[in-house]
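**Q** Dropping the structure in here first, questions after.
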Number of protein chains: 2
Amino acid sequence: MPASIGDVADRAGVSVATVSRALRGLPNVAPSTRERVLEAAATLGYVADARAAGLASGHTRTVGVAVPLIGPWFFSQVLAGVEAVVTARDLDVLLMTVDDAAGRERLAAGARLRGRVDGLIVVDIALTEAQKAELAANDLPAVVVGAEAEALPCVLVDNVEVGRTATSHLLELGHTRIALIGHAREDPLHFPVPEERRRGYHEALACAGIAPDPALEVDGNFSVAGGAEAATALLDRVDPPTAILAMSDEMAFGCLRVARQRGLAVPGDLSVIGVDDHDVSPAWDLTTVSQPVHRVGGQAAELLLAVMDAGATSPARIALPTSLRHRGTTGPPMVPTEPSPLGQDALR
Amino acid sequence: MPASIGDVADRAGVSVATVSRALRGLPNVAPSTRERVLEAAATLGYVADARAAGLASGHTRTVGVAVPLIGPWFFSQVLAGVEAVVTARDLDVLLMTVDDAAGRERLAAGARLRGRVDGLIVVDIALTEAQKAELAANDLPAVVVGAEAEALPCVLVDNVEVGRTATSHLLELGHTRIALIGHAREDPLHFPVPEERRRGYHEALACAGIAPDPALEVDGNFSVAGGAEAATALLDRVDPPTAILAMSDEMAFGCLRVARQRGLAVPGDLSVIGVDDHDVSPAWDLTTVSQPVHRVGGQAAELLLAVMDAGATSPARIALPTSLRHRGTTGPPMVPTEPSPLGQDALR
DNA sequence: GTGAAAGCGCTAACAA
DNA sequence: TTGTTAGCGCTTTCAC
C-alpha cells in the first residue's frame, strides 16, 4: 500500500492541499513548509497517483502514438523522434499498434483513448476521410503523419515526388525497364504512402514516354525478405528489368542480396535504388531517396504540443524535404536495352 | 465534453451501476437491459474514462517498457515482441527511455509510475544491485531483460557465451589477432551486456592461449557509423587484426563498409562476425551470433503477465538460446599470421 | 436484476 | 500562507 497524499500531510503536519501545492512547486507555500513536505514525501517514498491527479486536473500527461507496426526501421525512427520531444516536455508516450480495419475504426472513434492520452499522433495509418473527420471531431488533439488530412494538422513528405525522383534518376541513367517493388494494394495495412510513390513512378515513366509494364510492379512487403522474393521473381522473367526501385531501403537490401547471389554486377547488370536512407544504407553504398525520418516524428510531436497548448490552431500541413542520395548501386545499364530514342529524348 | 456514465444511465433509464456492469459484460444484467445500455452508449459515443475506471478499480491496464534507446534495431524488436503479447491481453504499452543515472534512480524508485502502469519491463538498463532491490521492493510487478536480478524475474541470453562462441569461431578458423568492437566502459548508458560479451571474448582467447591485446578492443557505439570508425582505427594500425568481432550486427556493417572501401577481401583479408542476426544480416551474408530478439520481448511480457496475474511468483530466470550463424563474412585468414602452434593446440 | 452510496487519491475553488 | 471541501468519473459493496 503506497503512501497517499494524506499520509504525507499527516507526517508534515499540514493539509493535503498544501502537500499538493508544495510538491508541484506551486507558489504561495512558505519555504519552511515546503521543505517539511518534501522531506515527509521523501521518507515516505510518496509518488502521486497519476490517475487521481489526472482525474482531478483533467489531463493525463501522456501522448499516444499509433503505428501500424513497430519493428520496421521507419517506425522505430519516427517513434524515437516523437519520444525525444515529448520527453523533453516531461510527457509520457503511450504506444499502440493499429493494423487492421477494426483498429482503425476504434482509433477514429477515440475508443480506449479517453482518460489515457492528451493528444494523439497517427503514423501512416490509412484512415478513411470519414474516420479522419471523426478523429478531428473528437475533442482530442491529434496530428497525422504520412497522409493528408482536411481538418487535422499533418506532417508528411511528398511521396509522389519521392517516386518521381527515384524513377527519374534511373531514367536519366538510361534505364527503360524499371521495376517497382512496393506494397500490395489490397494489403490490410493499406498504407497511403506506397500508392503515392507508385504514382510518382508512373508520372516519371509517362514523362519519359515509357508505358508502364504491370508485370514489373510487385509486392515486397516492406521487408528485406519480401524485397528478395520480389527481386527473384523479377529477375526470373524472360525480360528482366535493368533497374529496380524499391519503396524502402530494406526491400532494396533484399534486392542486392539476390543480385549478389546470382552474380549480377551492381550497378552494371542491375541498378537498385531505395527509399529512406536507412542507417545501414551508407554501408551498403545504396543509392536512395532520403527522408528525414527522425525529424518527421519530432515535427509531428512539436505540432501536437502546439495544438495541445493553444487549444486549437489552424490545421498546419508541414511538408518535409527529401533528397536523392546518389551512391554506388545505380548506374547506366551495361548492355543498352533496345534503342529507345523516344525515351532518351524525353529525358532532356 | 464527452458523455459520462451518468449520461448513458439517464438515456438508458437505469443507474450508473447497471451501465458499468452492462458495458463490462458482467453477469446479473438482464439481456434487455444490457441491450438498452449498449445502444445508449453507442449513440452517445460513450467511452469510459480510463483514469476514473482505474482509480476506482485499482489497475491501469497498462504495462511500462523502459529502454535506454528507441532507435536501434535491438530495442525496436524487443519492443515489438512485448507489444505483441501485451496487446493480445488488451493492455496498453507505456514507453519510456531512461538513458542516464538520474533516470535509473527515478525508475528504481518507481517515480512517475504509480497510477500509470500495472507492471514494468526494464530492458538493458544497468541498475545497481541496490536499485534492483528497490525496484523489487516496490509493489510494482517488474521483470528485467538483459541482466541478472536477485529478487526480480529476468530473461536474458548468456552473453558471456555469445562472446565466447563468436571468438571461438574465429579462433577455429585460424585467427589469432582478433579485434573486439564494443562499448566504452564508461559509457553513460552503462549496459551490462557488452561487459559480458567482452568476458566471453577474453575467456575464449585465454582458452586458446592467446594474450588479449588491449589495443584491439575499441568502442563502436553500437551504431553503423561507430563500427566504421572503429574498424578504420583498427585497420590503420601497423599490426591490424585479421578478424573483427563486433558486438552488434550494426557495428559489423560499419566494418564491412570500411573493408570494402579499402578493397579488402572479406573474409580473405578480414573476417567479420557480428551479434544479433539483424534483419538485413542475411542480405549481407554476415556471420553472426543470433539471438531471439523478438522472443526476448515476448518472453519478458509473458513473464510479467504471469507475475501480475499470480500476485507473486518465485522469481523466474529465463535464458534464451543463441546460435552461431556461419555465413560468408568469416573464413580462414588468407595469409597465415605468425605460427602459433600453442594457440592451434589449445583449440582442440 | 437493479439501485444507492461510499469511496478511489488527487486538484482546485473558496475561505480563513 | 494555509485549510476545508467539493468534485473528477468511475467501480464496488451492500441493500433491496
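The values are calculated or read from the model by the stated rules, or taken from the named source; none is laboratory data. Keep in mind that what you see is a predicted model, and the values were worked out from it rather than measured. Neighbour counts run over all protein chains shown; Cβ positions are idealised from the backbone, glycine included.
**Q** For residues in the stretch B:1-50 being of a type in the set (Val, Ile, Thr) and more than 10 Å from DNA strand C (Cβ to nearest atom), which is nearest to the other protein chains (Cβ to nearest Cβ)?
**A** It comes out as B:Val47.
**Q** Please enumerate the residues belonging to the stretch A:74-121 that are at the interface with chain B (Cβ under 10 Å from one of its Cβ atoms), among the charged types (D, E, K, R) and within 30 Å of A:Ser290 (Cβ to Cβ).
**A** A:Glu83, A:Asp99
**Q** Right, something else. Mind checking which residues of the stretch B:111-126 are within 14 Å of B:Val63 (Cβ to Cβ) and of a type outside the set (Lys, Arg)?
**A** B:Leu113, B:Gly115, B:Val117, B:Asp118, B:Gly119, B:Leu120, B:Ile121, B:Val122, B:Val123, listed by residue number.
**Q** Out of curiosity, is B:Gly54 within 16 Å of DNA strand C (Cβ to nearest atom) and either crowded, with 19+ Cβ neighbours inside 10 Å or β-branched (Val, Ile, Thr) (or both)?
**A** yes
**Q** Condition first: out of contact with any strand residue (DSSP E or B) (no Cβ under 7 Å at 6 or more places or on another chain) and on the phi > 0 side of the Ramachandran plot. Can you find one or more residues in the stretch B:82-90 that meet it?
**A** yes
**Q** Can I ask one more? Return the total of residues in the stretch B:304-326 being surrounded by 16 or more Cβ atoms within 10 Å (Cβ to Cβ), assigned to a helix (DSSP H, G or I) and out of contact with any strand residue (DSSP E or B) (no Cβ under 6 Å at 6 or more places or on another chain).
**A** Number of matching residues: 2.
**Q** Which pairs do you get when a residue that is part of a loop (DSSP other than H, G, I, E, B), found in the stretch B:233-250, comes within reach of a residue that is of a type in the set (Gly, Ala, Ser), reach meaning Cβ atoms under 6 angstrom, with the pair 6+ apart or on two chains?
**A** B:Pro241/B:Ala179; B:Met247/B:Gly182
**Q** Considering only the stretch B:56-66, I want to know if a residue exists there that is over 16 Å from A:Val65 (Cβ atoms) and facing chain A (nearest Cβ under 8 Å).
**A** yes
**Q** Please state which of the following conditions B:Asp277 fails to meet, knowing it meets all the rest: (1) at pLDDT below 95; (2) under 17 Å from the mean Cα position of the chain (by Cα); (3) of a type outside the set (Gly, Ala, Ser).
**A** It fails just one condition, (1).
**Q** If you don't mind, there's one more thing I want to ask. I'm trying to understand the selection: among the residues of the stretch B:241-270, which are crowded, with 24+ Cβ neighbours inside 10 Å and under 18 Å from B:His202 (Cα atoms)?
**A** Of everything in the stretch B:241-270, those that are crowded, with 24+ Cβ neighbours inside 10 Å and under 18 Å from B:His202 (Cα atoms) turn out to be B:Pro241, B:Ala243, B:Ile244, B:Leu245, B:Ala246, B:Met247, B:Ser248.
**Q** Looking only at the stretch A:121-149, how many residues end up being over 15 Å from A:Ala111 (Cβ atoms), out of contact with any Phe, Trp or Tyr (no Cβ under 7 Å at 6 or more places or on another chain) and not in a helix (DSSP H, G or I)?
**A** Looking only at that region, the number is 10.
**Q** Can you tell me which residues in the stretch B:105-116 are buried (at least 19 other Cβ atoms within 10 Å of the Cβ) and either modelled with pLDDT under 90 or touching an Asp or Glu at 6+ places or on another chain (Cβ under 9 Å) (or both)?
**A** Step one: filter the stretch B:105-116 for residues buried (at least 19 other Cβ atoms within 10 Å of the Cβ), giving B:107-108, B:110, B:112-116.
Matches in the stretch B:105-116: B:Ala108, B:Gly110, B:Arg112, B:Arg114, B:Gly115, B:Arg116.
**Q** A follow-up question, please. Just to be sure I understand the filter: pairs with C-beta atoms under 7 Å, separated by 6 or more residues or on different chains, first member in the stretch B:1-25 and in contact (Cβ under 8 Å) with a residue 40 or more places away in the chain, second member among the hydroxyl-bearing types (Ser, Thr, Tyr) and part of a helix (DSSP H, G or I). Which pairs pass?
**A** B:Ile5/B:Ser20
**Q** So A:Ser76 fits all but one of (1) surrounded by fewer than 20 Cβ atoms within 10 Å (Cβ to Cβ); (2) free of Cβ contacts under 8 Å to residues at least 12 places away in the same chain; (3) not aliphatic (A, V, I, L, M); what number is the exception?
**A** Exception for A:Ser76: condition (1).
**Q** Restricting to the stretch B:195-225, and then to whatever is part of a loop (DSSP other than H, G, I, E, B) and within 14 Å of chain A (Cβ to nearest Cβ), can you tell me which residue is nearest to A:Asp277 (Cα to Cα)?
**A** Taking the candidates together, the pick is B:Ser223.
**Q** Return a yes/no flag: does the stretch B:87-97 have any residue that is in a helix (DSSP H, G or I) and at pLDDT 95 or above.
**A** Within the stretch B:87-97, one or more residues are in a helix (DSSP H, G or I) and at pLDDT 95 or above.
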